[in-house]
Amino acid sequence: AQKITQTQPGMFVQEKEAVTLDCTYDTSDQSYGLFWYKQPSSGEMIFLIYQGSYDEQNATEGRYSLNFQKARKSANLVISASQLGDSAMYFCAMREGSHTGTASKLTFGTGTRLQVTL
Amino acid sequence: DSGVTQTPKHLITATGQRVTLRCSPRSGDLSVYWYQQSLDQGLQFLIHYYNGEERAKGNILERFSAQQFPDLHSELNLSSLELGDSALYFCASSVGTMNEKLFFGSGTQLSVL
């Protein structure tokens with residue numbers, strides 16, 4: 001079974017609009033972390049936002065917020081006021097099993113390619 | 001700039017050859033992770049080192065090996081290269097083993113011809 005599912009291979013959004021990128025995850029652990037990374041065409045992986053499974057508040061980092069719905073096992077990324085520079089590939093990832101010492105491993109989804117248009 | 005340095009940026013080599021990829025973590029980070037990104041496999045965790053010791057292994061082939069040196073830089077050695085090893089290889093670092101943020105380098109694009 002997929003641990004991280006990103007069902008949107010591609011998304012378009014107009015500049016200045018908000019966009020939601022979907023991510024669902026599968027884990028039986030109680031303690032886990034959820035991440036979003038941005039990969040522009042230049043190739044680097046840029047950390048955007050993190051949500052811990054015990055965090056009660058949704059994480060926010062500037063224009064990025066994470067809509068964390070634990071019961072639904074979803075961790076959607078919301079980008080507000082989209083900019084042309086937001087055009088990139090976006091990856092959702094999960095770190096699980098911190099109590100087992102395997103916290104180091106991130107499992108990534110297949111990514112969503114976001115295109116911001118004028 | 002994440003502070004994680006990877007060299008070289010691009011590497012072109014032939015099948016059967018051996019290459020070494022180098023990673024310098026962010027200042028103060030003790031953990032180094034290696035990931036492989038390919039079109040068919042996506043992003044795959046290879047291996048994790050913490051303060052010189054191997055901590056976790058993922059989908060790393062036996063032809064591949066890694067180490068972390070006392071100055072905390074890490075090297076990923078890929079030998080008997082095959083066409084299918086062509087990929088983008090990322091190094092990431094974090095302060096410890098449980099830190100929530102992993103910062104990635106810009107990657108080494110390996111092309112095996």
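The values are calculated or read from the model by the stated rules, or taken from the named source; none is laboratory data. This structure is a prediction, so every number in the text was calculated from the model and none was measured. Every residue, glycine as well, gets a Cβ built from its backbone with ideal geometry; the counts of neighbours run over all protein chains shown.
Can you confirm whether A:THR24 is farther than 30 Å from B:LYS9 by Cα and crowded, with 17+ Cβ neighbours inside 10 Å?
Here the answer is yes, as A:THR24 does meet what is asked.
Being touching a Leu at 6+ places or on another chain (Cβ under 8 Å) and either at pLDDT below 95 or over 16 Å from B:SER2 (Cβ atoms) (or both) narrows it down to one residue among B:GLN36, B:GLN41; which is it?
Working: B:GLN41 fails: touching a Leu at 6+ places or on another chain (Cβ under 8 Å).
After ruling out the rest, the residue left standing is B:GLN36.
Search the range A:105-118 for residues that are at the interface with another protein chain (Cβ under 7 Å from one of its Cβ atoms) and closer than 14 Å to A:MET45 by Cα and pair each with any residue that is of a type in the set (Phe, Trp, Tyr) and part of a strand (DSSP E or B) when their beta-carbon atoms are under 6 Å apart and the residues are at least 6 apart or on different chains.
Going by the 6 Å Cβ cut-off, the qualifying pairs are A:PHE108/A:PHE91.
Taking the criterion of being among the hydrophobic types (A, V, I, L, M, F, W, C) and away from chain B (no Cβ under 14 Å), would at least one residue in the range A:4-12 satisfy it?
yes
Among the residues of the range A:13-49 satisfying the criterion of being of a type in the set (A, V, I, L, M) and under 16 Å from the mean Cα position of the chain (by Cα), which is farthest from the other protein chains (Cβ to nearest Cβ)?
Residue satisfying both the conditions and the ranking: A:ALA18.
Residue by residue through the range B:2-16, note down the ones that are loosely packed, with under 15 Cβ neighbours inside 10 Å and more than 22 Å from B:TYR49 (Cα to Cα).
Listed by number, the residues that qualify are B:HIS10, B:ILE12, B:ALA14, B:THR15, B:GLY16.
When you scan the range A:19-47, how many residues do you find that are among the aliphatic types (A, V, I, L, M) and at pLDDT 95 or above?
Summing the residues that are among the aliphatic types (A, V, I, L, M) and at pLDDT 95 or above in the range A:19-47 gives 2.
Tell me, yes or no, whether the range B:66-86 has at least one residue that is of a type in the set (A, V, I, L, M, F, W, C), modelled with pLDDT of 95 or more, buried (at least 17 other Cβ atoms within 10 Å of the Cβ) and farther than 18 Å from B:PRO8 by Cβ.
Yes, some residue in the range B:66-86 is of a type in the set (A, V, I, L, M, F, W, C), modelled with pLDDT of 95 or more, buried (at least 17 other Cβ atoms within 10 Å of the Cβ) and farther than 18 Å from B:PRO8 by Cβ.
In the range A:86-109, which residue that is among the hydroxyl-bearing types (Ser, Thr, Tyr) and modelled with pLDDT of 95 or more is farthest from A:GLN6 (Cα to Cα)?
Taking the candidates together, the pick is A:SER87.
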